[in-house]
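Before any comments, here is the structure.
Where a number appears in this text, it was derived from the coordinates with a stated rule and is not lab data. Quick caveat: nothing in here was measured; it's all calculated off a predicted structure. All Cβ positions, even for glycine, are placed from backbone atoms using ideal geometry, and neighbour counts span all protein chains on display.
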Amino acid sequence: MVIIKSPKEIEKIRRSNQIVAQILKILGSEIRPGIHTFYLNDLSEKLAVERNAVPAFKGYRGYPFALCASVNSVVVHGFPNKTPLKEGDIVSLDFGILFNGYYGDAATTVAVGRLSESARNLTEVTRESLYKGIDKALPDGRLSDISHAIQSHVESNGFSVVRKFVGHGIGSKLHEDPQIPNFGKPGTGVRLKAGMTLAIEPMVNEKGYEVEILEDGWTAVTKDGSLSAHFEHTIAVTENGPAVLSQLDGSI
Ligand code: MF3
Ligand code: CO
């Protein structure tokens with residue numbers, strides 16, 4: 001069942017997501033060759049606590065860290081570690097918090113120094129695909145209109161959309177209905193309504209869409225070793241169009 005939020009609840013969800021956005025911005029500004037993602041994990045936790053927020057991922061189904069840090073061929077749920085980042089890497093940072101009863105959840109892919117043209121293109125197309133999806137989050141639209149817009153943009157640029165993981169509703173739980181695939185034909189799935197709050201999160205691979213989970217039970221990598229990028233925003237469906245709650249200025 002998809003929970004419809006009141007305007008007051010949406011404002012609370014916005015506040016939680018603004019905290020996530022602030023923290024992701026700071027983490028992104030720390031990224032350069034030589035720093036490691038374990039440092040970013042500690043920093044993310046400290047920045048959350050300073051804002052009276054609780055990191056949402058640590059302990060969620062046993063996930064051991066506050067931050068997901070997924071480098072190069074890691075798709076999602078990468079464990080922060082002490083390997084120094086190097087020029088040309090891409091690192092996806094996925095972070096969530098609980099604040100005042102509501103969750104925030106967002107992700108971004110950041111360049112370490114200068115990227116190869118293909119890494120830059122993958123990152124840009126993935127970011128664009130998120131906004132193509134967001135553009136379809138309209139009252140009376142259908143859920144798969146979002147999915148289809150993401151998939152079309154990704155595939156027309158020669159990349160592939162990960163099937164194994166999906167976006168999700170969000171609110172007083174981190175994961176609510178509906179599940180939001182990043183692929184599918186348009187015009188199916190639940191009818192979108194003002195008051196739905198959705199975390200839309202395309203994961204895009206440079207080559208094949210297949211992923212494998214490593215022995216730690218979490219780390220998802222591309223099966224063919226190609227690069228992968230991930231962007232996520234929490235949005236609200238409103239009568240005035242989509243409101244991007246996890247974007248710092250609150251609008252597209
Ligand atoms: N943005 C991801 C999600 O929605 C991150 C979850 S990591 C987990 O599902 F550890 F919390 F599972
Ligand atoms: Co999410």
- prompt: In the neighborhood of His148, defined by Cβ-to-Cβ distances under 10 Å, what is the net charge if each Lys or Arg adds +1 and each Asp or Glu adds -1?
  reply: +3
query: Sorted by mean Cβ packing within 10 Å, highest first, what order do the peptides 89-96, 185-192, 225-232 take?
result: 89-96, 225-232, 185-192
statement: Cβ-Cβ cut-off under 14 Å around Glu212, Lys and Arg +1, Asp and Glu -1: the net charge is 0
statement: Looking only at lysines whose Cα falls under 24 Å of Lys185's and that sit 8 or more positions away or on another chain, we get Lys132, Lys136, Lys164, Lys193, Lys207
- prompt: Taking K and R as +1 and D and E as -1, what net charge do the other residues with C-beta under 15 Å from the C-beta of Ala106 add up to?
  reply: 0
statement: Across the alpha-carbon set of the chain, Rg over Rh with Rh taken as the Kirkwood radius works out to 0.94
task: May I have the convex hull volume per residue, in Å³, for the Cα set of segment 1-81?
output: 123
message: Can you compute the helix-only [θ] at 222 nm over the chain? Use -39500 (n - 2.57) per DSSP H run of at least 4 residues, normalise by all residues, nearest 500 deg cm²/dmol.
response: -9500 deg cm²/dmol
- prompt: Per residue and in Å³, how big is the convex hull formed by the alpha-carbon atoms of segment 136-215?
  reply: 88
